[in-house]
Amino acid sequence: MTDDARIPVGLSLGVHRDAALARAAEHVAHAWREFDTARDTETSPTPELLALLRQPLPEGPADILATLDSAAEVLDASLAQARPRFFAFIGSSGLEIGALADLLAHTYDTNLAVDARAATQLEWQTVGWLAAFLGFPAQAGTFTSGGTISNMTALASAREAAVPGARHRGLAGVRPTMYCSREAHHSITRAAEMLGIGGAQVRGIDIDDGRRMRPDLLRAALAEDLAEGCTPIAIVATAGTTLTGAVDPLYELADIAEEFGVWLHIDGAYGIPAAATAGAAHLFAGLERADSVTIDCHKWMFVPKACSAVLVRDTRALTSTFSHDEAYMPHEGGQFNAVDITLEYSRPFRALKLWLAFAVHGAAAVRGAIARNREQAELLYDLASARPALEVLAHRPQLSIVPVRHRNRGCTDIDAHNAALCSALQRDGRVYVSPAIIDGTTWLRPCFTNFRTADDDVRVLVAVIEELGAQCDTLH
Ligand SMILES: Cc1ncc(COP(=O)(O)O)c(C=O)c1O
């Protein structure tokens, strides 16, 4: 027995379980209440907290409740993407039902490597729901840790389709190439590097005025490479670029993929959920013709990280790439295991959070939240366009990213000014934005992917940018 009833013995929380769960629930409820409205400043770690974070490995037990409080304090002093005025990168929202799903899933510690019975059925059902939500005719799909791994999974399948047997023999004697917009996410190049295609073999196709891949240049690049004896592995269309939210012309790219007999993958990690909304569906026409699609549910489907999915038109695309027989992973009744369609072995039950989100809120509520984020992007574009000190891109936002630049009278270096302004905004803490370089110039790049963000938060964003932007002399 220990002296203090709150100190655990062994590795079970034992008699302290209920108290620990109640304390954790208090912290969760506090965080959710806080996220309902924005706070006026970011907190930073106190000296006491920093001292705690320098402590060496503890050998013995500690007070559970106090230690849970410390963990909550660490979280409170960290950047939280779930806050309504976090506009940086492509944030996630920590959807409440999704957070509860994670607690449940991790409690059971279900492993989706093999047939986990009901959990496996639920994963397949969720793949079906996601496909129906997007309007993509998926025969199969799998949940992964993120867009990077979903893209890698899809492109491994594309490689096997273009060069059957490549997984065994490699790519000796083949000159593989891949095609994407020059503003595609770096995970495409990374996949080419990892799959033996070679990062230098990725053709970054130039873009049009709306920053979309130009089909005429894609066709020319394919024709030239084929004439040189190259083997195209895939065309990767981006449905929502990370920089500005541009959606490549999917229908025209699908025509070209068909004409040349090349795999069409859509990297919709960020933007493809908008395909489910009436206002944006037209941007995604042709999506149903792709061979594979990446969607990050931890971005614009609001669930907590990490939850991405890759969907394929034909199950064999995945099985021919990933299936294998190992003595420690037998196949029961001729069925494939989850590891026969994924890159990962041990795999947490990621599908549960999306399943619960759909089941509890319904698809219409998810669509509604995506549509509201798009309206907020439109609102920011309109507000910024009307302000003399603010500059926006010539074209309206296609999805929910709205690059904005501040111009100050008398300020000669606008790029240095906006870089300094971005740092000042992050220090100030009322809003959080990240910078971006567009055509060599520095911009603030707000992105709306949070169901908690309200229109007033957009107005505050503009006001704070103008307020801090006006202090040119002290910024740089
Ligand atoms: C278009 C696109 N693809 C892929 C990724 C990578 O996704 P993840 O960070 O989930 O690996 C991102 C991330 O922002 C993205 O915007």
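The values are calculated or read from the model by the stated rules, or taken from the named source; none is laboratory data. Being a predicted model, the structure only gives us computed values, none of them experimental. With ideal geometry, Cβ positions are generated from the backbone for all residues, glycine too; neighbour counts draw on all protein chains shown.
Some points to look at:
- Complete set of residues in region 202-213 that are surrounded by fewer than 18 Cβ atoms within 10 Å (Cβ to Cβ) and over 19 Å from Ala154 (Cα atoms): Asp206, Asp208, Asp209, Gly210
- When we screen Ala88, Ala62, Ala51 for residues that are more than 26 Å from Val360 (Cβ to Cβ) and in contact with a strand residue (DSSP E or B) (Cβ under 6 Å, 6 or more places away or on another chain), the only hit is Ala88.
- Residue within region 303-322 that is away from the ligand (no atom under 14 Å from the Cβ), within 22 Å of Ala357 (Cα to Cα) and crowded, with 24+ Cβ neighbours inside 10 Å present: yes
- Residue tally, condition free of Cβ contacts under 8 Å to residues at least 12 places away in the same chain and of a type in the set (Gly, Ala, Ser), over region 228-284: 1
- The lone criterion from (1) assigned by TED's automatic domain parsing to the domain that holds Val310; (2) over 23 Å from Ile295 (Cβ atoms); (3) part of a loop (DSSP other than H, G, I, E, B) left unmet by Ser78 is number (1).
- Of all residues in region 216-228, at least one satisfies being crowded, with 24+ Cβ neighbours inside 10 Å and out of contact with any Pro (no Cβ under 7 Å at 6 or more places or on another chain).
- Number of the condition not met by Arg117 [criteria: (1) assigned by TED's automatic domain parsing to the domain that holds Asp296; (2) among the basic types (Lys, Arg); (3) touching a residue at least 12 places away in the same chain (Cβ under 8 Å)]: (3)
- Yes/no for Val303 being assigned by TED's automatic domain parsing to the domain that holds Thr189, β-branched (Val, Ile, Thr) and either in a strand (DSSP E or B) or touching a strand residue (DSSP E or B) at 6+ places or on another chain (Cβ under 9 Å) (or both): no
- Residues in region 257-271 that are away from the ligand (no atom under 16 Å from the Cβ) and either closer than 12 Å to Met213 by Cα or touching a strand residue (DSSP E or B) at 6+ places or on another chain (Cβ under 7 Å) (or both): Ala257, Phe260, Val262, Trp263.
- For region 345-367, the tally of residues that are in contact with a Ser or Thr (Cβ under 9 Å, 6 or more places away or on another chain) and within 17 Å of Leu311 (Cβ to Cβ) stands at 6.
- Residue check: Arg219 meets all listed conditions (1) in a helix (DSSP H, G or I); (2) under 26 Å from Ser308 (Cβ atoms); (3) away from the ligand (no atom under 15 Å from the Cβ); (4) not hydrophobic (A, V, I, L, M, F, W, C) but one, namely (2).
- Test: residue in region 161-176 that is in a helix (DSSP H, G or I), within 16 Å of the ligand (Cβ to nearest atom) and either buried (at least 21 other Cβ atoms within 10 Å of the Cβ) or in contact (Cβ under 8 Å) with a residue 12 or more places away in the chain (or both): no
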